[in-house]
1. Of the numbered conditions (1) over 15 Å from the mean Cα position of the chain (by Cα); (2) surrounded by fewer than 20 Cβ atoms within 10 Å (Cβ to Cβ), residue 63 fails exactly one; give the number of that condition.
2. What are the pairs with Cβ atoms under 7 angstrom where one residue, in segment 183-195, is at positive phi and at pLDDT below 80 and the other, located anywhere, is part of a helix (DSSP H, G or I) and surrounded by 13 or more Cβ atoms within 10 Å (Cβ to Cβ)? Sequence gap at least six, or different chains.
3. Please go through segment 127-144 and pick out each residue that is part of a strand (DSSP E or B) and touching a helix residue (DSSP H, G or I) at 6+ places or on another chain (Cβ under 7 Å).
4. Could you tell me how many of the residues in segment 1-46 are loosely packed, with under 14 Cβ neighbours inside 10 Å, modelled with pLDDT of 85 or more and within 19 Å of the chain's Cα centre (by Cα)?
5. Filter segment 105-126 down to the residues that are in a helix (DSSP H, G or I) and over 14 Å from the mean Cα position of the chain (by Cα), then identify the one that is nearest to residue 82 (Cα to Cα).
6. With the condition kept exactly as written, say whether any residue in segment 114-121 is closer than 21 Å to residue 300 by Cβ, out of contact with any strand residue (DSSP E or B) (no Cβ under 7 Å at 6 or more places or on another chain) and assigned by TED's automatic domain parsing to the domain that holds residue 71.
7. For segment 158-182, what are the residues that are at pLDDT 80 or above and surrounded by 16 or more Cβ atoms within 10 Å (Cβ to Cβ)?
8. Would you confirm, using the coordinates I've provided, whether residue 147 is touching a helix residue (DSSP H, G or I) at 6+ places or on another chain (Cβ under 8 Å), modelled with pLDDT of 80 or more and surrounded by fewer than 20 Cβ atoms within 10 Å (Cβ to Cβ)?
């Protein structure tokens, strides 16, 4: 749908977000912040990393998101023996004696990469290349991935045996690092009520692929005031140790700070956060609201921070 003005488009995005949240809440109890962050990264044309213990409905959330957005969905369970061709696809010899490309599970609008740290670096690299380039190359032939293309990868923060942690350069490809926490007592009670009886929920698609891509363009066009952009860039640059803008805590506790991609995602995420809440331009509060999501996986603390019980989130609080 074409909107007459950018203001009309932002209003439509805000109302669509409310409708999406309401529809998702039919299935997902609580987790409002996780839903919001996932939708922001989707409309910003980015990818997200979900970190949480098993049983917090990560797969259900992503599947529900795909249903209300009327998008195709595939789930890939990453294992130590998974090869790049298992996810991208491969050439197979057909009955006509010609090779044909057999598409892998990456060819979907929303891809759940479950336990991405359980597969070898070669397969991780194939996924991350597809995320960046939006296409895969097999036997010298380029195959474009469907648009929109959105990867939600999950990691289990507890069990680390037999895992292949993502290098910082690959983590940087994800726009957001989203933490899933345990539900409250009341929320867990409601989850048990809903899931231990015969219950079927009919979800109504709110948006389609064309509308999502239109909204992704709208987010890019939202203007940003100079002071907001300066605040976002200042936030990223202050996280880099042994530089002129670094804070005392950063010099003491940080091994590596956030790169320029963090500044870009802070601004882009703030634009989308503002639009979802009916604002036509982001302010500093919008940057602050998504700062943890953007910086959490881009700042590497040193052994002194661990010894003093300072984690990355507490360090970002000192920057804010």
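The values are calculated or read from the model by the stated rules, or taken from the named source; none is laboratory data. If you're wondering where the values come from, they're calculated on a predicted model, not measured in any experiment. Here the Cβ positions follow ideal geometry from the backbone for every residue, glycine too, while neighbour counts run over all protein chains shown.
1. Result: residue 63 fails condition (1) only.
2. none
3. If we filter segment 127-144 for residues that are part of a strand (DSSP E or B), which is where we start, we get 135-138, 141-144.
The answer is 136, 138.
4. Residues in segment 1-46 being loosely packed, with under 14 Cβ neighbours inside 10 Å, modelled with pLDDT of 85 or more and within 19 Å of the chain's Cα centre (by Cα): 0 in total.
5. First, pick out the residues of segment 105-126 that are in a helix (DSSP H, G or I): 116-118, 121-126.
Add one more test, that the residue is over 14 Å from the mean Cα position of the chain (by Cα), and what stays is 117-118, 121-126.
Details: 117: 12, 118: 9, 121: 10, 122: 9, 123: 7, 124: 10, 125: 12, 126: 11 Å.
Here the answer is 123.
6. Taking segment 114-121 first, the residues closer than 21 Å to residue 300 by Cβ are 116-117, 121.
Remaining after also requiring out of contact with any strand residue (DSSP E or B) (no Cβ under 7 Å at 6 or more places or on another chain): 121.
If we keep only those that are assigned by TED's automatic domain parsing to the domain that holds residue 71 too, we end up with 121.
Checked segment 114-121: at least one residue is closer than 21 Å to residue 300 by Cβ, out of contact with any strand residue (DSSP E or B) (no Cβ under 7 Å at 6 or more places or on another chain) and assigned by TED's automatic domain parsing to the domain that holds residue 71.
7. Initially, segment 158-182 is screened for residues at pLDDT 80 or above, giving 171-182.
Passing the criteria: 171, 172, 173, 174, 175, 176, 177, 178, 179, 180.
8. Numbers: touching a helix residue (DSSP H, G or I) at 6+ places or on another chain (Cβ under 8 Å): yes; modelled with pLDDT of 80 or more: yes; surrounded by fewer than 20 Cβ atoms within 10 Å (Cβ to Cβ): yes.
Answer is yes for this residue.
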